[in-house]
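Laboratory data are not the source of any read-out in this text; all were calculated from the coordinates shown. This one's a predicted model, so the numbers in the text were calculated from it and none came from an experiment. With ideal geometry, Cβ positions are generated from the backbone for all residues, glycine too; neighbour counts draw on all protein chains shown.
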Amino acid sequence: MKVVTVACDKGGTGKTTSAMCLAISLSKLGKSVVVFDADNTGGATTWEACTKDDGKPLPFQVVPVNRPKLDRLAKRKGEEEDFVIIDTPPSDTAIINSAIEAADLVIIPTQPSRADTFLAGDTYRSSDKPSYILLTRVKARTKLLKETLKELQDAEFMYFPTYISESESVKRLYGGNETSPQYDKVCQEMLKLLDE
Ligand SMILES: Nc1ncnc2c1ncn2[C@@H]1O[C@H](COP(=O)(O)OP(=O)(O)OP(=O)(O)O)[C@@H](O)[C@H]1O
Ligand SMILES: [Mg+2]
């Protein structure tokens, strides 16, 4: 079993979208997956409810979890799936730390802007697990993207070579059972990082 935690101290950076899309990408590859929703506002849980209401259920379960459940997962107790993907809330340091403690790999989604990369950097530095920034909502060929990449390189942060573009089609994935080609690519990169 491998545990992937999707976390960033900043809100609205694409954590839930990334957790759910990567879980769907993994399922497409025949991996068994469970998503742990550690955010009590329930973004991932509501996503799953939408798919059921629409008669297009997800090929995995989304389970709301608390800190004791994450601490148990850190001891590798209780789960049998190939992958546990943890979606976390912004700002809640205690939950984020427990989710990082349980992780084999930490993915830190961030938009290319100073305000976002600043807080993503906090999350990155607070993690003692292999951690990778995932750039989301990217507008290709912009100054902002160029500057952000330079910032990540200067800070010697690891990041996924594939980024997720700002796109209406990604926004529309919420509540469905489909992923995007870019998330499929990030999923392949993630599997390599996990030696899978
Ligand atoms: N690549 C993208 N292109 C366009 N919109 C996106 C993209 N990724 C995410 N969004 C949108 O941005 C908003 C925030 O995304 P999401 O809910 O995944 O972020 P989050 O980090 O989980 O937020 P929170 O911190 O509130 O839990 C949502 O409306 C989502 O649909
Ligand atoms: Mg969220």
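Against the conditions (1) more than 10 Å from ligand 1 (Cβ to nearest atom); (2) in contact (Cβ under 8 Å) with a residue 12 or more places away in the chain, P89 satisfies every one except (1). Only one of the numbered conditions (1) assigned to a helix (DSSP H, G or I); (2) of a type in the set (D, E); (3) surrounded by fewer than 19 Cβ atoms within 10 Å (Cβ to Cβ) is violated by D116, and that is (3). Residues in the stretch 40-54 that are within 12 Å of ligand 2 (Cβ to nearest atom) and in contact (Cβ under 8 Å) with a residue 60 or more places away in the chain were compared, and the one that is surrounded by the most Cβ atoms within 10 Å (Cβ to Cβ) is W47. With respect to the numbered conditions (1) β-branched (V, I, T); (2) outside any helix (DSSP H, G or I); (3) farther than 30 Å from D53 by Cβ, which one is the sole condition not fulfilled by T179? Every listed condition holds for T179 apart from (3).
Residues of the stretch 12-39 that are buried (at least 24 other Cβ atoms within 10 Å of the Cβ) and more than 15 Å from ligand 1 (Cβ to nearest atom): L26 alone.
Close contacts from the stretch 10-32, counting a first residue that is among the basic types (K, R) and a second that is assigned to a helix (DSSP H, G or I) and more than 16 Å from ligand 1 (Cβ to nearest atom), with Cβ to Cβ under 9 Å and a gap of 6+ residues or different chains, come to K31/L191. Among residues belonging to the stretch 75-88 that are farther than 9 Å from A7 by Cβ and surrounded by 15 or more Cβ atoms within 10 Å (Cβ to Cβ), point out the one that is farthest from ligand 2 (Cβ to nearest atom). Only one residue fits best here, namely D82. If you filter the stretch 13-39 down to residues that are of a type outside the set (D, E), within 11 Å of ligand 2 (Cβ to nearest atom) and assigned to a loop (DSSP other than H, G, I, E, B), you find that the one that is farthest from S91 (Cα to Cα) is G14.
Do the conditions hold for I100, that is, is it surrounded by 13 or more Cβ atoms within 10 Å (Cβ to Cβ) and assigned to a helix (DSSP H, G or I)?
yes
Return yes or no: is S91 in contact with a Phe, Trp or Tyr (Cβ under 7 Å, 6 or more places away or on another chain), surrounded by fewer than 24 Cβ atoms within 10 Å (Cβ to Cβ) and of a type in the set (S, T, Y)? So that I can check it myself, show each step before the final result.
Numbers: in contact with a Phe, Trp or Tyr (Cβ under 7 Å, 6 or more places away or on another chain): no; surrounded by fewer than 24 Cβ atoms within 10 Å (Cβ to Cβ): yes; of a type in the set (S, T, Y): yes.
Taking the combined requirement at face value, the residue does not satisfy it.
Evaluating D154 against the criteria (1) touching a residue at least 24 places away in the same chain (Cβ under 8 Å); (2) more than 17 Å from A19 (Cβ to Cβ); (3) out of contact with any Phe, Trp or Tyr (no Cβ under 9 Å at 6 or more places or on another chain) leaves one unmet condition, (1).
The set of residues in the stretch 122-131 that are acidic (D, E) and part of a loop (DSSP other than H, G, I, E, B) contains only D128. Only one entry of L152, L134 meets the criterion of being farther than 19 Å from D37 by Cα and in a helix (DSSP H, G or I), and that entry is L152.
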